[in-house]
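Here's the structure we're looking at; comments come further down.
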Amino acid sequence: MKIFSAADRHLADVLRIETLAFGNGKEAELVENLLQDPTAAPCLSLVAARGGVPLGHILFSRVTLTEAERCVRCALLAPLAVLPGHRNAGIGLALIDEGVRRLTVSGVDLVFVLGHPGYYPKAGFEPAGRLGFEAPYPIPDVHAGAWMVRALRPAVVGSVRGKVAIARALDRPEYWRE
Ligand SMILES: CC(C)(COP(=O)(O)OP(=O)(O)OC[C@H]1O[C@@H](n2cnc3c(N)ncnc32)[C@H](O)[C@@H]1OP(=O)(O)O)[C@@H](O)C(=O)NCCC(=O)NCCS
């Protein structure tokens, strides 16, 4: 499997994967909006392909940690999509790993996600609220475990707390209902 940065010419494939994976066009629309949103930049958009056929996509956008004691660089993972029919073959986790590797190289300290609490811990994420990272919108207690963080450097967790501020394209309450 090959994982590469999505260029403009891959946009149609990316939107198709997002639409088919989620069964509606909402995440495809979010991806298009984030890629055009200066408050989300820099975005990291990766495609996974096998035999030249695109099968998965992941997007990370820039977020900031407000009210924090010091400056840390943060990203948000959303969305992640793998085509039905190609699931449980390691594509999603490979996309997360490659994204995290590239973000680490570029100096990012923390990656946040709101997602399946049974899935993202497989990629090193842990519940963020109890570590002092407040979500952009309140997450009901029953879903608190869905708001997660992965530290890309040692000693970041525990030494900084704050509230995550997201890009304009993500600033809609419906994106924050788990
Ligand atoms: C969630 C998704 C990205 C996973 O991608 P994938 O390539 O199938 O996952 P991987 O092969 O990398 O990982 C497989 C492992 O994750 C587990 N897993 C897969 N989807 C899961 C889910 N929704 N919740 C909990 N665990 C999940 C599998 O059981 C498997 O576990 P195992 O290794 O212990 O057997 C994919 O199912 C998908 O695109 N779903 C629809 C869109 C979506 O929900 N995106 C995520 C939004 S938070």
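Computed from the coordinates by the stated procedures, all read-outs in this text should not be read as laboratory data. As the structure is a computational prediction, the values presented were derived from the model and not from experiment. Please note: Cβ atoms are built from the backbone with ideal geometry, for glycine as well, and neighbour counts cover all protein chains shown.
Below is a table of values for the structure above.
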{"quantity": "Pairwise label distance in nanometres, residue 126 with residue 101, each label 7 Å out on the Cα-Cβ vector", "calculated": "2.4 nm"}
{"quantity": "Cα-centred dipole magnitude for region 9-58, charges only on beta-carbon of K, R (+1) and D, E (-1), debye, nearest 20", "calculated": "220 debye"}
{"quantity": "Of the DSSP H helices in the chain, those whose Cα atoms cover at least 18 Å axially and whose Kyte score averages 0.5 or more", "calculated": "91-105"}
{"quantity": "Lys/Arg +1, Asp/Glu -1 at C-beta; region 102-178 dipole; positive extreme among 143, 156, 104", "calculated": "104"}
{"quantity": "Net charge dipole size for region 2-176 [Lys, Arg +1 and Asp, Glu -1 on Cβ; Debye, nearest 20]", "calculated": "460 debye"}
{"quantity": "Cα-based radius of gyration of the chain once divided by 2.2 N^0.38 Å, which approximates compact folds", "calculated": "0.98"}
{"quantity": "Fluctuation leader among 41, 144, 155 - the chain, Gaussian network, Cα springs under 10 angstrom", "calculated": "155"}
{"quantity": "Nearby aspartates and glutamates by direct alpha-carbon distance to residue 2 (threshold 16 angstrom, same-chain neighbours under 8 apart not counted)", "calculated": "13, 97, 98"}
{"quantity": "Cα centroid separation, region 1-28 to region 39-117 (Å)", "calculated": "13 Å"}
{"quantity": "Residues of type lysines that residue 163 reaches as a straight line, Cα spacing below 26 Å, ignoring anything fewer than 8 places off in the same chain", "calculated": "26, 122"}
{"quantity": "Using a Förster distance of 30 Å, the FRET efficiency for residue 22-residue 67 (Cβ separation, nearest 0.05)", "calculated": "0.40"}
{"quantity": "Net +/- balance of residues flanking residue 159 in space, Cβ distance below 15 Å, scoring K and R +1, D and E -1", "calculated": "+1"}
{"quantity": "Within a Gaussian network of the chain (alpha carbon springs, distance under 10 Å), most fluctuating of 40, 68, 28", "calculated": "68"}
{"quantity": "Among beta bridges that DSSP assigns inside region 2-176, antiparallel share in %, nearest 5", "calculated": "80 percent"}
